[in-house]
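Remarks on the structure that follows.
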Amino acid sequence: QLQASGGGLVQTGGSLKLSCAASGRTFSGYSMAWFRQAPRKEREFVAAIRWSGGHTYYSDSVRGRFAISRDNTKNTLYLQMNSLKPEDTAVYYCAAGRPILSTVRESSAYNYWGQGTLVTVSS
C-alpha cells in the first residue's frame, strides 16, 4: 500500500528526492513519516508530517538539510534530501500512522510501512 522510490547512489554533497506513493487506500487524516536503517544499526526516525502539512518534525541529524512534504491529491509523500553525507547511507522507509505529539518520532506509532528504498552516499 506504500511504495517508496527515488533512492540511488549519490556523492557527498549531492541531492536526492524520495517519493512514497499510497495505493489501494487513502490515508486521509494520517500523519506520514520517513525512517531509515543503516547497516548494523536500528531503524531511526528521519522526518514526519501531519495530514494538513502544517506541522513537520525532523531529527537533529537531518534538520536544515532534508525537507518532508506531501501532496494529498496524489496520495504521495516526499523527502527532499540535500547536502547528503556518507552517514545518510541507509534504507529509507515511509510510514503512515496516527501518532500523538509525544510519539511522532516512534516507529511503533505507525501502522503502515513501505518496502524501503536504498540511499547510498559515497565519500
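Let me know the volume per residue of the alpha-carbon convex hull for the stretch 26-89, in Å³. Could you put the intermediate results ahead of the total?
Values: hull volume 5.9 nm³, N = 64.
Taking the convex hull of the Cα positions in the stretch 26-89, it is 91 Å³ per residue.
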query = Where does the charge balance sit around residue 112 when Lys and Arg score +1, Asp and Glu -1, over other residues with C-beta under 13 Å from its C-beta?
reply = +2
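If you build the Cα gyration tensor of the chain and take the root of 5 times each eigenvalue, what three semi-axes come out, in whole angstrom, biggest first?
Numbers: eigenvalues 98, 43, 36 Å².
After scaling each eigenvalue by five and taking roots: 22, 15, 13 Å.
Within 15 Å, Cβ to Cβ, of residue 76, how many net charges do the neighbouring residues add up to if Lys/Arg are +1 and Asp/Glu are -1? Working shown, then result.
On the way: positive: 17, 25, 70, 74; negative: 71.
Local net charge: +3.
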ask   = What is the projected area of the convex hull of the Cα atoms of the stretch 77-123, averaged over all directions, in nm²?
value = 4.1 nm²
key: Summed residue charge, Cβ within 12 Å of residue 87's Cβ, Lys/Arg positive, Asp/Glu negative   = +2
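Values quoted throughout were computed directly from the atomic coordinates according to the rules given, and no laboratory measurement underlies them. Owing to the predicted nature of the structure, the values given are computational and were not obtained by experimental measurement. With ideal geometry, Cβ positions are generated from the backbone for all residues, glycine too; neighbour counts draw on all protein chains shown.
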